[in-house]
1. Of the listed pairs 252/290; 49/114; 65/302; 169/301, which have alpha-carbon separations greater than 27 Å here?
2. Quick one: order 264, 305 by neighbouring beta-carbon count within 10 Å, fewest to most.
3. With the Cα gyration tensor of region 214-306 in hand, give its eigenvalues times 5 under a square root as the equivalent ellipsoid semi-axes, listed largest first in whole angstrom.
4. Taking the chain as the region of interest, what is the percent of Cα-Cα pairs per 10 angstrom bin, listed from the shortest bin to the one with the maximum distance?
5. For 179, 195, what's the fewest-to-most ordering of other Cβ within 10 Å of each Cβ?
6. If Rh is defined by the Kirkwood formula over all Cα pairs and Rg also comes from Cα, what ratio Rg/Rh do you get for region 212-268?
7. Taking the mean number of other Cβ atoms within 10 Å as a proxy for protection, how do you rank 36-43, 103-110 from highest to lowest?
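Coordinate-derived values only; no laboratory data. What you see is a predicted model, and the numbers here were worked out from it, not measured in a lab. Reconstructed Cβ throughout: ideal geometry from the backbone, glycine too, with neighbour counts over all protein chains shown.
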Amino acid sequence: METTPLQVKRILDNIGNVMIGKEHVAELSIVALLAGGHVLLEDVPGVGKTLMVRSLAKSVGANFKRIQFTPDLLPSDVTGSSIYNPKELKFEFRPGPIMGNIVLADEINRTSPKTQAALLEGMEEGSVTVDGNTLSLGSPFFVMATQNPIEYEGTYPLPEAQLDRFLFKMNMGYPSPQEEVNILHTTEKKQPINELQSVITLEELQEMQKQVKEVHVDVTVKEYIVDLVNRTRTHQSVYLGASPRGSVALMKAAQAYAFIHGRDYVLPDDIQYLAPYVLPHRIILKSEAKFEGMTAEQVVKKVIDRTPIPVQRSMSR
C-alpha cells in the first residue's frame, strides 16, 4: 500500500489551504522540487500561478525571491552586478534576485530572449557568472517560471534551449464553478497566503532530495523511457524530438513521483503519467503538422499509446 511521506503530506495540505482545486499542480511542483528540476507554468492571468509559487516557498521555509520580467529588464538585473563603492574605493557585488532557494520568474515571456537566457546557467549549473567570477547559488535552488500564452500581445517566445531546461511545463486551468465559489469564501475577509507558515525545514527538504536519488529504476523501465523518447524523434509529425536530457528528466521526475507515493522503485505507470508534462515542450513539430493543427501534446499521447509497456515484475529491491 502506497503511503505519502508525512513531510510531503504536510506541504500538500498547507498549499491546499491557499490553492483550491489545484492538487495535481501542487503535487507535480513538489515532484519537480524534489527531483532538482524547474517548472514552467503557462496560463492566462489570474488563475493562481504566482500564488502557487509563493505557497510552495512558504511551506518549505525557503528563501523566496521574485523576478518580475519586463521588456526593459537586463541580464544583470537577474544575476546581480558589481557596483563601485567610493568610500571603500572598490567594486562590491550586489546579488540579484536569482540568489535564492525558490525563485519566481514572473511572466518570463514578457522580456527579451537575452534576459531570459540569464537564467540558463543558474537553472542548469546551479551557479552564475558575473564579471568573470562563478558564484554558486543556494541549495536547494528551484525556479518556477510563469508565462502568459503567446497569443497575448507584448510577449516573446521562449527559446528552445530555455524550454529544455524546465523539467515540467504545466497549465493551471480555470477552477470549476464550485471551486471558484470556495475561493470567494476563503478570500472574502482575508488572504490565506498571508497566514501560511512553513511546515518543514530546508534541512528536511534536502534530506528528501537525497532519498529521491536512492529510488530504484529497473533496467526495463529505463529501456521504456528511452523507447518513448526515441519514438518522439522518429514520429512523422516531429522535426526535432526530445533530447537525452529529456530521458534523464523523465527518469528523475519518476523517481521523485515514486518517492512521494511511498515507493522506493519506479513503475511504468509513473512514466506514462509524467511523460505528458516532461516531453511536449522539448519537441519541435514540422510546419505542415502545425498547419494541420497537430500539437506536441497529441504527439506524446500517441507515442505513449503505441509504445509497448514492459512486462511488469516486482520492481522493489
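1. Violating the 27 Å Cα-Cα cut-off are 252/290; 65/302.
2. Ranking 264, 305 by Cβ neighbours within 10 Å, fewest first, gives 305, 264.
3. Result for region 214-306: semi-axes of 26, 11, 10 Å.
4. Spelled out bin by bin, the chain gives 6, 24, 32, 26, 9, 2, 0, 0 percent.
5. Numbers: 179 13, 195 10.
Fewest-to-most Cβ neighbours within 10 Å comes out as 195, 179.
6. Value, to two decimals: 1.05.
7. Listed from highest to lowest mean packing, they are 103-110, 36-43.
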